[in-house]
Amino acid sequence: MLTLHRRHKKTCPHTDRYIKLDAHRCPMWVEGMLDGVYRRESLKVSSWEKAEQIRREMEEGEAIRHVPISEAIETFIAEQKARALTDSTLRKLRTLTAALAEFCEAKNIINISQLTIDRVRQFRASWKDSPISALKKLERTRSFFKFCVDSGWLKDNPAKPLKSPIVTDPPTLPFSEDEVTRIIKHATGKWRTLVLLLVNSGLRIGDAMKLTPAEVVDGRLFLYMQKTRVPVCVPLPDFLLHELRQLPLEGGYYFWKREASSKLETASGNARRAFRQICKEAKVVNGHPHRFRDTFAVRLLQAGVPLQDVSILLGHTSIKVTEKHYAPWVKERQTRLEELVARTWKTQLLRVK
């Protein structure tokens, strides 16, 4: 049986004398026998009602371990590192948890169990992000609290009930043929070859940077292996194959000079900055490598390639992903819509006559 007590005074660190505490700020603690073991511990709360609830849960065997925020964050990050997540993902998780720790310190929140739905909602309100960035951050927040629930530190995920922000997907913006020509004209050296590779393969910049000769066999570029163990490849034009063969292999890669301290994300970031400079010189607005992937997909769709085949070449997990981004560019659908509109003209002409 556990008994509740309220601490009414504490020792002053300067004079070693007792200081009387305000009644509404006095912390609660419990003392007594539980499962044959003597327990005496602080509940880290000053509310009698909350303390009574914790005491009851402890006696019923449903008590939540009061883990400090710092310990919960440290354990969470260690778990994600053990999962071998990428450095960029770990960096985003560290940024989020550091912001959470700062918020808790400002609100005098010590234990993970003190983070209620209202407090997590206040934490979300402090973000200064765009809707799409806020959505990603909310997903990471939910994953952190899910880890806390799975660890037995929380009963429920306080971030789960939070509504996701409304995100308006930006329209797909492929490069025009004139823009592609100007970019190629202003690109030199390996950047020119990289531009040609992106526009003819649809690769993401990260995948292109780690390309090796082993992935280019008999004039075809290996993209990925399907779940059915069927390889997906795309043919490359002869002029691009010739330029790839002329590139010096640095660390076994065409575009990434891999060294002991080098990272793929750093090389990809350097490539993005180089592309921005090239596009600036070519007077191309909003130039970034992912638009080459959009250009590759739109070229296929405008040539009449079925959406399902384009989805396979892009490596999307579902055709719905491809349809979401590229449906307006499907030639067959656009042709059918134009025919439907043209039929109304004939009807209107008959009525006029």
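Read-outs: derived from the displayed coordinates by stated rules, not from any lab. As the structure is a computational prediction, the values presented were derived from the model and not from experiment. Cβ sites come from the backbone with ideal geometry, for glycine too, and all protein chains shown count toward neighbours.
Between R40 and K155, the FRET efficiency estimated from the beta carbon spacing at R0 = 22 angstrom works out to 0.35.
Around G252, what is the net charge, scoring Lys/Arg as +1 and Asp/Glu as -1 over all other residues with Cβ under 13 Å from its Cβ?
Working: positive: K210, K257, R258; negative: E215, E250, E259.
Local charge sum for G252: 0.
One chain, two ends: T335 and D178. Fully extended at 0.36 nm per residue, the span grows by 54.1 nm beyond their Cα-Cα distance. Computed over every Cα-Cα pair of region 177-334 and binned at 5 Å starting from 0, the pair-distance distribution P(r) comes out as 1, 9, 17, 20, 20, 17, 11, 4, 1, 0, 0 percent. Residues of region 290-322 with backbone nitrogen within less than 11 Å of a virtual label 7 Å along the Cα-to-Cβ line of V232, please, listed as ranges. Only 308-319, 322 pass the distance filter. For a quick check, take a GNM of the chain with Cα springs below 10 Å and name the residue from V234, V285, V341 with the largest mean-square fluctuation. Greatest mean-square fluctuation among the candidates belongs to V341. The ratio of the alpha-carbon radius of gyration of region 287-330 to the globular-protein estimate 2.2 N^0.38 Å is 1.04.
Available extension along the chain between E281 and E31 is 82.6 nm, counting 0.36 nm per residue and deducting the alpha carbon span. Matching the structure-derived Rg/Rh (Cα atoms, Kirkwood Rh) against the labelled list (i) 0.98; (ii) 1.15; (iii) 1.00 gives the label (ii).
Charge tally for R299 (other residues, Cβ to Cβ under 12 Å; Lys, Arg +1; Asp, Glu -1): 0. Taking a point 7 Å from the Cα of A274 along the Cα-to-Cβ direction, the residues of region 206-223 with backbone N closer than 12 Å to it are 209-210. Taking 0.36 nm per residue of separation and subtracting the Cα-Cα distance, full extension of the segment from R245 to W127 would add 37.7 nm.
Show me the helices of the chain, taken as full DSSP H stretches, that run 15 Å or more along their long axis by Cα and average -0.5 or above in Kyte-Doolittle hydropathy. Don't skip to the end; give the middle numbers.
Working: long enough: 48-59 (16 Å, -1.93); 69-82 (20 Å, 0.16); 87-106 (28 Å, 0.07); 131-150 (28 Å, -0.13); 189-201 (19 Å, 0.68); 264-281 (26 Å, -0.79); 290-302 (18 Å, -0.40); 331-352 (32 Å, -0.95).
Helices meeting the criterion: 69-82, 87-106, 131-150, 189-201, 290-302.
A Cβ-based charge dipole, computed about the Cα centre of region 177-334 with Lys and Arg at +1 and Asp and Glu at -1, lands at about 420 debye.
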